[in-house]
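Colleague: Starting off with a structure, shown below.
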Amino acid sequence: MAGKARIACWVFSPDGVADEAGTPFCVVPSPLPCLMLHGNGEDHTSFASLVDEVSRTRTVIAPDSRAQGESTHGELPITYELMAEDALCVLSRLGVSQAHVLGFSDGGIEGLVMASGSPHRVRTLTCLGANLTPDGLIEPVRRAIAHEATLCSDTDAELARLMLEQPRLGHETLEAISCPVGVMAGEHDVVERGETETIAGGIGGSTLDVVADAGHDLPHEAPDRVLEVLERTMERDDPRPTAFRACDVPTDVSVVQVPATSVWAESLIGLYGELLDAAGDTGSDHDGWRRGAWPLATDIVDRVAQGHVWAAFGASDVEAGRPREGALPLGAMTLDHDPAIDEDIVGDPPSWDDLPPESVLMLHLLAVAPRARGRHVALALMAACVREARRQGSTRVRLNTNPENVAANDLYRRCGMRLARPVLVPYPGLTVTPWTGLYELDATRATF
């Protein structure tokens with residue numbers, strides 16, 4: 001983690017789930033996991049009764065926040081933004097692209113930061129007893145915290161000061177949140193009622209539940225009510241994706257091997273350039289690509305020259321297995337037998353089987369032009385990849401993608417690919433997580 005902190009995390013899943021390909025670290029991908037973030041000075045056990053109930057049907061991910069429980073402090077000063085970053089890193093380490101978030105008190109503040117700054121990672125947010133500024137706490141509590149800060153050890157004093165000096169969240173934070181949100185507080189909460197109402201009112205479509213006769217500690221005082229609101233909030237957007245079938249592959253898209261010429265190299269450079277233009281020069285949270293870092297034009301030229309690039313076109317733009325001159329590619333991918341990722345891994349090697357190179361077809365740089373979205377071009381590319389693997393006698397298709405790329409991870413799972421344990425692959429120039437997910441498909445059993 002940032003600043004050399006070590007974040008401890010516990011995973012709770014339904015009975016019978018094993019740590020194996022498809023469910024690494026015992027994380028079940030569907031229904032989406034629930035990430036639970038505890039309050040100041042606590043640890044993950046504060047959610048014990050909720051964990052027991054929620055984990056009957058879905059995975060619960062329960063970290064100890066920085067400098068609390070079994071997690072270490074690290075070298076950086078503690079902020080809510082830093083702890084939110086820790087939580088996102090935990091998801092990436094586990095190979096989780098999206099999760100429902102339940103945050104209590106400090107954890108609720110972290111949830112607001114995550115849902116605002118990384119909306120593609122937070123599917124829903126259930127926020128208990130959160131505040132936007134220190135003034136959102138009732139005045140007697142602020143006095144008590146200030147007194148406590150003078151008596152505590154260094155770390156506990158820092159955690160106390162955190163509540164006196166932070167957060168500093170404005171209306172722009174709330175307005176940036178687009179996922180379903182359930183806001184909760186106790187009737188006698190330490191958070192001012194007006195603060196809770198501001199949070200609920202500032203997030204479009206949020207719900208507000210004030211628990212009668214309850215104080216701040218809702219996970220202990222009213223766990224049944226919290227569970228009810230959590231489940232109701234998750235149900236508002238809880239996707240259960242189905243596997244692709246052969247009939248889902250589009251018939252108006254043809255995928256062919258690109259001729260090894262400079263003309264087609266320029267055409268493919270243009271395709272990847274469209275993606276970078278659509279995301280902005282600094283890349284996007286969804287794919288992590290960045291102009292000048294990845295993908296590189298020189299690399300694309302080399303791949304085309306080696307005959308490793310396949311591209312998707314409208315069916316009418318392909319004749320006798322070749323694209324018509326001047327046809328615009330709708331998408332592209334590279335297929336080869338080079339497990340180049342193995343050379344870049346830091347730490348433990350991939351957990352998948354050690355197979356000879358000719359048995360594994362590696363898929364790289366799958367991309368779909370923004371103008372072609374909605375035409376299932378990515379599925380057409382995946383189907384072509386499987387056909388080519390079978391033609392070459394390869395039994396496995398493998399690839400890697402970063403856990404922050406929600407669309408890609410959803411595509412690969414729906415294609416029947418199994419996620420192995422993510423590995424650490426830092427890539428200079430990219431701002432996404434250094435953890436990368438390893439996917440594998442048995443090409444002999446693919447059904448699409």
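The values are calculated or read from the model by the stated rules, or taken from the named source; none is laboratory data. Note that the structure is a prediction, hence the values are computed from the model and not measured. Cβ: placed from backbone, ideal geometry, glycine included. Neighbour counts: every protein chain shown. Note: accessible area is taken over every heavy atom of the protein model, side chains too, but ligands, DNA and RNA are not part of it. Shrake-Rupley method; radii C 1.70, N 1.55, O 1.52, S 1.80 Å.
Colleague: Take segment 345-362 and flag every residue that is on the phi < 0 side of the Ramachandran plot and open to solvent by less than 70 Å² (accessible area, probe 1.4 Å).
Modeller: Ile345, Pro350, Trp352, Leu355, Pro356, Ser359, Val360, Leu361, Met362 - these are the residues of segment 345-362 that are on the phi < 0 side of the Ramachandran plot and open to solvent by less than 70 Å² (accessible area, probe 1.4 Å).
Colleague: Something else now. Filter segment 97-125 for residues that are open to solvent by 10 Å² or more (accessible area, probe 1.4 Å), more than 25 Å from His220 (Cα to Cα), out of contact with any strand residue (DSSP E or B) (no Cβ under 6 Å at 6 or more places or on another chain) and in a loop (DSSP other than H, G, I, E, B) and give the result.
Modeller: The answer is Ser97, Ser118, Pro119, His120.
Colleague: Okay, next question. Quick one: how many residues across segment 372-401 are touching a residue at least 40 places away in the same chain (Cβ under 8 Å), farther than 17 Å from Val255 by Cβ and open to solvent by 20 Å² or more (accessible area, probe 1.4 Å)?
Modeller: Matching residues across segment 372-401 total 3.
Colleague: Only residues in segment 84-104 that are over 17 Å from Leu230 (Cβ atoms) count as the first member; pair them with residues that are open to solvent by 10 Å² or more (accessible area, probe 1.4 Å) and aromatic (Phe, Trp, Tyr), Cβ under 6 angstrom, at least 6 apart or cross-chain, and list the lot.
Modeller: The qualifying pairs are Ser92/Trp435; Arg93/Trp435; Leu94/Phe25.
Colleague: Identify, from the list Asp15, Asp43, the residue that is over 15 Å from the mean Cα position of the chain (by Cα) and over 21 Å from Cys127 (Cβ atoms).
Modeller: Asp15
Colleague: Among the residues of segment 187-223, how many are closer than 16 Å to Ser105 by Cβ and crowded, with 22+ Cβ neighbours inside 10 Å?
Modeller: So the count comes out to 6.
Colleague: Identify all residues within segment 161-204 that are assigned to a helix (DSSP H, G or I), among the charged types (D, E, K, R) and farther than 24 Å from Ser118 by Cα; write none if there are none.
Modeller: Arg161, Arg193
Colleague: Considering segment 284-343 alone, what residues qualify as being part of a loop (DSSP other than H, G, I, E, B), of a type in the set (Gly, Ala, Ser) and either within 27 Å of the chain's Cα centre (by Cα) or closer than 23 Å to Leu411 by Cα (or both)?
Modeller: Once the filter is applied, which keeps residues that are part of a loop (DSSP other than H, G, I, E, B), of a type in the set (Gly, Ala, Ser) and either within 27 Å of the chain's Cα centre (by Cα) or closer than 23 Å to Leu411 by Cα (or both), segment 284-343 yields Ser284, Gly288, Gly292, Ala293, Ala340.
Colleague: Which numbered condition trips up Asp237, out of (1) farther than 30 Å from Leu441 by Cα; (2) in contact with a strand residue (DSSP E or B) (Cβ under 6 Å, 6 or more places away or on another chain); (3) open to solvent by less than 70 Å² (accessible area, probe 1.4 Å); (4) not in a helix (DSSP H, G or I)?
Modeller: (1)
Colleague: Oh, and also: Checking the condition in a helix (DSSP H, G or I) and in contact with a Lys or Arg (Cβ under 8 Å, 6 or more places away or on another chain), which residue from Glu266, Glu274, Glu228 passes?
Modeller: It is Glu274.
Colleague: State the number of residues belonging to segment 26-52 that are surrounded by fewer than 17 Cβ atoms within 10 Å (Cβ to Cβ) and part of a helix (DSSP H, G or I).
Modeller: 5
Colleague: Within segment 132-155, identify whether any single residue is surrounded by fewer than 23 Cβ atoms within 10 Å (Cβ to Cβ) and under 27 Å from the mean Cα position of the chain (by Cα), and answer yes or no.
Modeller: yes
Colleague: Can you find, within segment 1-51, the residue that is farthest from Trp352 (Cα to Cα) among those that are of a type outside the set (Val, Ile, Thr) and in contact with a Cys (Cβ under 6 Å, 6 or more places away or on another chain)?
Modeller: Result: Met1.
Colleague: Further question on the same structure: State the number of residues belonging to segment 3-16 that are more than 29 Å from Ala222 (Cα to Cα) and assigned to a loop (DSSP other than H, G, I, E, B).
Modeller: So the answer is 3.
Colleague: Something else: Show the residue pairs meeting these rules: Cβ distance below 9 Å; 6+ apart or different chains; first residue within segment 51-68 and without any contact (Cβ under 8 Å) to a residue 40 or more places away in the chain; second residue open to solvent by 10 Å² or more (accessible area, probe 1.4 Å) and of a type in the set (S, T, N, Q).
Modeller: Val51/Thr45
Colleague: Follow-up. Take segment 400-430 and flag every residue that is of a type outside the set (D, E, K, R), within 14 Å of the chain's Cα centre (by Cα) and assigned to a loop (DSSP other than H, G, I, E, B).
Modeller: Within segment 400-430, Asn402, Pro403, Asn405 qualify.
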